[in-house]
Amino acid sequence: MLGRHILGMTDFSADELRSLLALADRMKSGEDTHAYLDGTDLGLLFHVPSTRTRVSFQVAAAQLGGRSYTYGPDELRLANNETVEDTARVLSRYLSALVVRWYDMADYGAGHRRLRTMTEHASIPVINALDDEEHPCQVLADLLTLRERFGERLPERRVVYTWAYSSRQKTPGVLHSSLLAAALLGHHVTFAHPPGFDLDERYVKEAHSLAAASGARLDFCDDMAEAVRGADAVYVQSWKSLQLTGQDEWQARTRLADRWRVTEPLMALAAPDAPFLDCMPSNRGEEMDAEVKDGPRSLILEQAENRLHAQKALLAMVLGSTSGPGGAGASTAAGGGAGAFGEGEGR
């Protein structure tokens, strides 16, 4: 994976995902403390605000021995219409990698296209920190959190991803990346959403194609209670409608506010020990009740912490310097040896 762009989940193979999560486990436990980013400079370009992604990448770079620099678009000549192409070329001369968050809720797909343009003109790795179509970094942390709860039996468990009302429009990026990850790894997932809030058909088709090879089971329904009934984990996330626009979308969203919210009675339909997950930010009384978000089933803080460990593993595998045992950069780039990631990992 050295030097690779990471725009979405299909930039990983299933084996690479498993290797990355295993490395994240070792980093979190303190078993692996190698300074994989020694001497590297990580740029963080955030077109929209961020808490968990921005801070976790900053801390990840520092803990791995690297440096990080954060920019908003108003701080660069992007604010004066310098092109994305020129920005990518210039930043490539200064930085070791570039982490980018870019989306516009009024123009679905534009952020993803800009990131793809950056990859075409950057000579350094570009990592997607959330655009309007995918959020691979969040989903890596979610997978780590679910593995901690279910271990090797995770593929046998059914995880429900359900739409919920929010007064703020959000991208479907987490859902698309979750769908593709489940399809790659052979997991059983259910996606519940009201009519008119379907996921992007391109991602659904791609996931079904991947699932045919992995044995994943991908279910979709428009009944929140039926989806949650018997579920082994419940993940809430709001996202904008890709079918409705303007006032039609807003009216449909507000009509659903009371019925599409995760409550204690809804969670009671799930398996008795089913955890609740939410990538945040979210509002108590909108996507979920406070009793659910702050209750004993909630894993939201574990998810937030795991952003750090998953992103450390990602940076190590994409930028891994020669500071690891055996020289991660040299050995894995040449395609031979175990490098710093263990036997057969990090390829």
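The values are calculated or read from the model by the stated rules, or taken from the named source; none is laboratory data. In this text the structure is predicted, and so the values were computed from the model without any measurement. Counting neighbours? That spans all protein chains shown, and the Cβs are built from the backbone with ideal geometry, glycine included. Calculation scope for accessible area: heavy atoms of the full protein, side chains included, ligands and nucleic acids excluded. Shrake-Rupley method; radii C 1.70, N 1.55, O 1.52, S 1.80 Å.
Compute the long axis of helix 173-185 from its Cα atoms, compare it with the longest principal axis of the Cα atoms of the chain, and write down the angle in degrees, 0 to 90, nearest 10.
Around 80 degrees separate the two axes.
With everything on Cα atoms, drop me the angle between helix 201-214 and the longest principal axis of the chain, reported from 0 to 90° to the nearest 10.
70
Below 28 Å Cα-Cα, how many Lys pairs turn up in the chain? Only count pairs eight or more apart in sequence, or on different chains, if you could.
So the count works out to 9.
Per the Kirkwood treatment, what hydrodynamic radius in Å, one decimal, follows for the range 1-108 from the mean inverse distance over all distinct Cα pairs?
15.7
Please list the non-local residues whose amide H lies under 5 Å from the amide H of residue 262, H modeled 1.01 Å from N, same-chain partners needing a gap of 5 or more.
It is 288, 289, by chain and number.
Which of 119, 53, 254 moves most in a GNM of the chain, Cα contacts under 10 Å?
Of the options given, 254 has the highest mean-square fluctuation.
Can you list the HN-Hα couplings for the range 32-47, worked out from phi with the Karplus curve (6.51, -1.76, 1.60; θ = phi - 60°), rounded to whole Hz and with x for Gly and Pro?
Those phi angles translate into 10, 10, 5, 8, 5, 9, 3, x, 9, 10, 9, x, 10, 9, 10, 6 Hz.
Nearest 500 deg cm²/dmol is fine: what mean residue ellipticity at 222 nm does the chain get from its DSSP H runs of n ≥ 4 alone, each adding -39,500 (n - 2.57), divided by its residue count? Can you show the working numbers first?
On the way: 13 runs with 140 residues, N = 347.
Calculated at 222 nm, the ellipticity per residue is -12000 deg cm²/dmol.
Quick check: at a probe of 1.4 Å, how many percent of the accessible area of the chain sits on carbon and sulfur atoms? Could the numbers behind the result be given before it?
On the way: 6550 of 14000 Å².
Result for the chain: 47 percent of the exposed heavy-atom area is carbon or sulfur.
Could you rank the peptides 166-175, 281-290 by their average count of other C-beta atoms within 10 Å per residue, with the highest value first?
Details: 166-175: 20.3, 281-290: 17.0.
Averaged packing, sorted descending, gives the order 166-175, 281-290.
So how far apart, in nm, are the two label points at residue 105 and residue 248 if each is 7 Å from Cα heading toward Cβ?
Output for this residue pair reads 1.9 nm.
Compute the angle between helix 136-150 and the longest alpha-carbon principal axis of the chain, please, reported from 0 to 90 degrees and rounded to the nearest 10.
70
May I ask you to compute the full-extension gain from residue 117 to residue 70, defined as 0.36 nm times their residue separation minus their alpha-carbon distance, rounded to one decimal in nm? Don't skip to the end; give the middle numbers.
Numbers: separation 47, 0.36 × 47 = 16.92 nm, distance 2.02 nm.
In short, 14.9 nm is gained.
Take the alpha carbon gyration tensor of the range 127-234, find the square roots of its eigenvalues, order them as a ≥ b ≥ c, and report rounded if a/c is under 1.5; if not, report prolate when a/b exceeds b/c, else oblate.
Note, shape of the range 127-234 comes out rounded.
Can you tell which of 79, 274, 62 shows the greatest fluctuation in a Gaussian network model of the chain with Cα springs below 10 Å?
So, out of 79, 274, 62, the one fluctuating most is 79.
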